[in-house]
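Down below is the structure, laid out as structure tokens.
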Amino acid sequence: MNLSNLKPAEGSIKHSKRIGRGAGSGKGGTATRGNKGAKARSGYHAKIGYEGGQMPLYRRVPKFGFKNFNRVEYVGINLDTLNSLAEAKNITDFDIEVFKQNGLISSNDKIKILGRGELAKALNVKAHAFSAAAKKAIEDKGGAASVIEQ
């Protein structure tokens, strides 16, 4: 074997159709576009979703509900998650930076502390919102639940 007889694998190279390059090519003349009509002309562009006059799918399918653009989405973090972090990493003060560093939230997330689980010790937690059960559980252990203003 030498460089003069190296070839790409069989079927690995596919040449594109050379359209509109004269009658001898077999693809000249109408250049595979058929005869006349808008689709045969340059600059043709069908509207997105247009189905040739048939009722388009986006109008055939029923619509319901709505998206409330005023809704505030929270990332829920339960007390058992706080407790396991507090024991594993010996943390007593939780704020946005601590949650980010431990991979619980990303940069622009809002946090809501939820009440699943128990706490072993007093924790100081700063979050955007608290459920009633979570706030009660934190304060019963002698910790502080403070709300971050949005």
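Listing for the model above:
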item	result
So residue 70, is it exposed (fewer than 11 other Cβ atoms within 10 Å of the Cβ), of a type outside the set (Gly, Ala, Ser) and on the phi > 0 side of the Ramachandran plot	no
Filter result (under 22 Å from residue 52 (Cα atoms) and among the β-branched types (Val, Ile, Thr)) within the range 12-41	32
Selection from the range 121-142 of residues that are surrounded by 12 or more Cβ atoms within 10 Å (Cβ to Cβ) and free of Cβ contacts under 8 Å to residues at least 40 places away in the same chain	122, 124, 126, 130, 131, 133, 135, 136, 139, 141
Filter result for residue 47 (assigned to a loop (DSSP other than H, G, I, E, B), out of contact with any strand residue (DSSP E or B) (no Cβ under 9 Å at 6 or more places or on another chain) and surrounded by fewer than 10 Cβ atoms within 10 Å (Cβ to Cβ))	yes
Residues of the range 83-95 satisfying the condition of being assigned to a helix (DSSP H, G or I) and more than 20 Å from residue 115 (Cβ to Cβ)	88, 89
Within the range 1-39, considering residues that are of a type in the set (A, V, I, L, M) and part of a loop (DSSP other than H, G, I, E, B), the one modelled with the lowest pLDDT	1
Test: residue in the range 78-90 that is within 25 Å of the chain's Cα centre (by Cα), without any contact (Cβ under 8 Å) to a residue 40 or more places away in the chain and over 19 Å from residue 138 (Cα atoms)	no
Cβ-Cβ under 8 Å pairs, at least 6 apart or on other chains, the range 20-47 side closer than 28 Å to residue 58 by Cα, far side in a loop (DSSP other than H, G, I, E, B)	38/44; 39/33; 40/30; 40/33; 40/34
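Matching residues to (1) surrounded by 15 or more Cβ atoms within 10 Å (Cβ to Cβ); (2) charged (D, E, K, R):
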residue: 40; (1), (2): no, no
residue: 53; (1), (2): no, no
residue: 62; (1), (2): no, no
residue: 83; (1), (2): yes, no
residue: 116; (1), (2): no, yes
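The values are calculated or read from the model by the stated rules, or taken from the named source; none is laboratory data. Values in this document were obtained by computation on a predicted structure and should not be read as measured data. Positions of Cβ are backbone-derived with ideal geometry, glycine not excepted, and every protein chain shown enters the neighbour counts.
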